[in-house]
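Enquirer: Got a structure for you, questions after.
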Amino acid sequence: MAWSHPGLLVLIACAVFAWYFTIIAAGDMPAGPGTMGIGLAGFLAGWTLMMTAMMLPALAPLLSAYLRSIRTVQNAWVRAARSSALLIGYLLTWMLFGLFAYGAAELFGILAAEVPDTAPWIGAGLLVSAGIYQLTPLKNFCLRHCRSPLAFLLHVSRYKGPLRDVRVGLYHGTYCVGCCWGMMIVLILVGTMNLAWMAVIAAAILLEKTWSRGTAFSKITGIALIVFALLVPANPALLPGLYPAPGMSQNMEPDISPDMPGM
């Protein structure tokens, strides 16, 4: 893979800028349960920014193969437009998944507030489910697609029409969601604005998609998630997405009692 290709350099630059703005956005917003008072539109914007930061580096091998497949297009601007359309389709898939993520975050916030004793057990169960999924044939099937640009290109070569590159991005994004949805559940459980976990999950996804031993690594990740789940019931603070910080409400504003001094 030629990392010096201008298209790949732009891809990495987009990811770097997305990380920069994500870090700025998360700086004053500690990880916590629920959507932290953010509405659907704001959540989707932030989610798409995070997916740009986390997922675009893992897209590099496929984009490299795609750029080679359209190298016969002489006009550089046309090639750039087609590559951009692919990225738009890909990120649109993750934006649509963000609707599910928003609903899950809202539900986790309710659980943290209403059943705080039960919430850690629910979180542990979800972690186990995400870990088990890493070991399943369906996970392997989706991961194999992400790791096999040639098979991908053979399938999308028959796409026609002005939106063909957007369709290419949507097609690959669907497999990518199928591959990584479990890791995104983990992200919501640990708090969607948890930068440390974002970096860990992004690195794990990059390795399983690009490393020569990525398939084996994905299974190790699954086992690690199951082991991590065993620690949660006794340590509920390990999952900030289901554990509100003391004195904080779901929208991350301090709780103020009317009988406090000065009231």
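The values are calculated or read from the model by the stated rules, or taken from the named source; none is laboratory data. In this text the structure is predicted, and so the values were computed from the model without any measurement. Positions of Cβ are backbone-derived with ideal geometry, glycine not excepted, and every protein chain shown enters the neighbour counts. Surface accessibility is based on the protein's heavy atoms, side chains included, excluding ligands, DNA and RNA. Shrake-Rupley method; radii C 1.70, N 1.55, O 1.52, S 1.80 Å.
Enquirer: What are the pairs with Cβ atoms under 8 angstrom where one residue, in the range 205-228, is on the phi < 0 side of the Ramachandran plot and surrounded by fewer than 18 Cβ atoms within 10 Å (Cβ to Cβ) and the other, located anywhere, is in a helix (DSSP H, G or I) and of a type in the set (S, T, N, Q)? Sequence gap at least six, or different chains.
Expert: Thr215/Asn140
Enquirer: Determine if the range 105-116 includes at least one residue that is in a helix (DSSP H, G or I), within 24 Å of Cys146 (Cβ to Cβ) and open to solvent by 70 Å² or more (accessible area, probe 1.4 Å).
Expert: no
Enquirer: Still on this structure, I have one more. Is it fair to say Ala85 is closer than 23 Å to Gly182 by Cα, open to solvent by less than 30 Å² (accessible area, probe 1.4 Å) and assigned to a helix (DSSP H, G or I)?
Expert: For Ala85, the condition - closer than 23 Å to Gly182 by Cα, open to solvent by less than 30 Å² (accessible area, probe 1.4 Å) and assigned to a helix (DSSP H, G or I) - is not met.
Enquirer: Name the residue, out of Leu96, Leu111, that is within 30 Å of Gly37 (Cβ to Cβ), of a type in the set (A, V, I, L, M, F, W, C) and under 18 Å from the mean Cα position of the chain (by Cα).
Expert: Every option except Leu96 fails the conditions.
Enquirer: Right, here's the next one. Go through Ala229, Ala224, Ala237 for me and flag whichever is small (Gly, Ala, Ser), modelled with pLDDT of 75 or more and closer than 16 Å to Val200 by Cα.
Expert: Of the residues listed, the single one that is small (Gly, Ala, Ser), modelled with pLDDT of 75 or more and closer than 16 Å to Val200 by Cα is Ala224.
Enquirer: For Ala53, only one of the following conditions fails: (1) under 25 Å from Ile23 (Cβ atoms); (2) open to solvent by 10 Å² or more (accessible area, probe 1.4 Å). What is its number?
Expert: Result: Ala53 fails condition (2) only.
Yes/no per residue for (1) touching a helix residue (DSSP H, G or I) at 6+ places or on another chain (Cβ under 8 Å); (2) under 23 Å from Gly241 (Cα atoms); (3) open to solvent by 20 Å² or more (accessible area, probe 1.4 Å):
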{"position": "Leu92", "(1), (2), (3)": "yes, no, yes"}
{"position": "Pro120", "(1), (2), (3)": "yes, yes, no"}
{"position": "Ser129", "(1), (2), (3)": "yes, yes, yes"}
{"position": "Arg167", "(1), (2), (3)": "yes, no, yes"}
{"position": "Thr174", "(1), (2), (3)": "yes, no, yes"}
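Enquirer: What number of residues within the range 146-171 are in contact (Cβ under 8 Å) with a residue 40 or more places away in the chain and not in a helix (DSSP H, G or I)?
Expert: Qualifying residue count, the range 146-171: 3.
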